[in-house]
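Take a look at the structure set out below.
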């Protein structure tokens, strides 16, 4: 049986310990700040926030390019002769990264490509689902694995609330008028992944502790979730009291395993500090 290597992008925010434990290979995306190109994962998130405080601008982000993907896939095949690579990619509806992976793979054999139609914790949930399939079914073929992952994509649910709307405004995602109205009323949008796109589905009002509680309650009511594992996403700056409160709610809901994921530089560039999100798989 051919060895199967799982790969993804840094935009999955997959914790390093999980990536190392399960031999998941992660290719970095890019952050452009102050005229410099940083690989996602090499730039501390705090520097992004400091840059915004100084300039009132946010860095730009760019996809992993075709050449980088080609070298990435080639290196995996060189290190694991005869392997098959299954790449679970960042949604093609929000980045050109997946299409670049498709173009790179045209020059290679034994590379399977899956558009996860998700980002951050939602993408991480898909990656870990693939890992569990391989570990529980050692004889699974690449085609069988790919089919099972693709069948789970519509059942992967991600919702999050940004901590500060300044980053959405600086990135052109909300107008100044909408920003001023929301700031005045202490309103924050709930963002969901819908068919691979980031969509504002609801508005919450109040402190993040209140918003997190409402988000969780509505998320649990909305989806029939697999209770084996849930993923909680936060961006640097989220109050530890909110995290503790969320932990208690998750435990009461009966989830067996809780995985906290810190948003990396690429995701934090768009979401800003103090954000909170949740990702899980429906049964």
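The values are calculated or read from the model by the stated rules, or taken from the named source; none is laboratory data. Everything quoted here is computed from the prediction, not taken from an experiment. Don't worry about glycine lacking a Cβ; one is built from the backbone with ideal geometry, like all the others, and counts go over all protein chains shown.
Taken across the stretch 14-23, residues that are buried (at least 16 other Cβ atoms within 10 Å of the Cβ), touching a residue at least 40 places away in the same chain (Cβ under 8 Å) and under 14 Å from residue 269 (Cβ atoms) do not occur at all. Just checking, does the stretch 204-212 include any residue being in a helix (DSSP H, G or I), loosely packed, with under 13 Cβ neighbours inside 10 Å and at pLDDT 90 or above? No.
I want to confirm something. Restricting to the stretch 24-46 and keeping residues that are over 26 Å from residue 104 (Cβ atoms) and out of contact with any helix residue (DSSP H, G or I) (no Cβ under 8 Å at 6 or more places or on another chain), which single residue is surrounded by the most Cβ atoms within 10 Å (Cβ to Cβ)? The extreme case among them is 46. Just so you know, in the stretch 55-81 the residues that are modelled with pLDDT under 95 and more than 21 Å from the chain's Cα centre (by Cα) include one that is nearest to residue 5 (Cα to Cα), and it is 57.
Only one entry of 267, 230, 258 meets the criterion of being in contact with a strand residue (DSSP E or B) (Cβ under 7 Å, 6 or more places away or on another chain) and crowded, with 18+ Cβ neighbours inside 10 Å, and that entry is 230. Which residues, taken from the stretch 31-66, are farther than 15 Å from residue 9 by Cβ, part of a helix (DSSP H, G or I) and touching a residue at least 12 places away in the same chain (Cβ under 8 Å)? Within the stretch 31-66, 45, 46, 47, 48, 49, 51, 52 qualify. Among the residues of the stretch 235-243, is any in contact with a helix residue (DSSP H, G or I) (Cβ under 6 Å, 6 or more places away or on another chain), modelled with pLDDT of 95 or more and not in a loop (DSSP other than H, G, I, E, B)? Within the stretch 235-243, one or more residues are in contact with a helix residue (DSSP H, G or I) (Cβ under 6 Å, 6 or more places away or on another chain), modelled with pLDDT of 95 or more and not in a loop (DSSP other than H, G, I, E, B).
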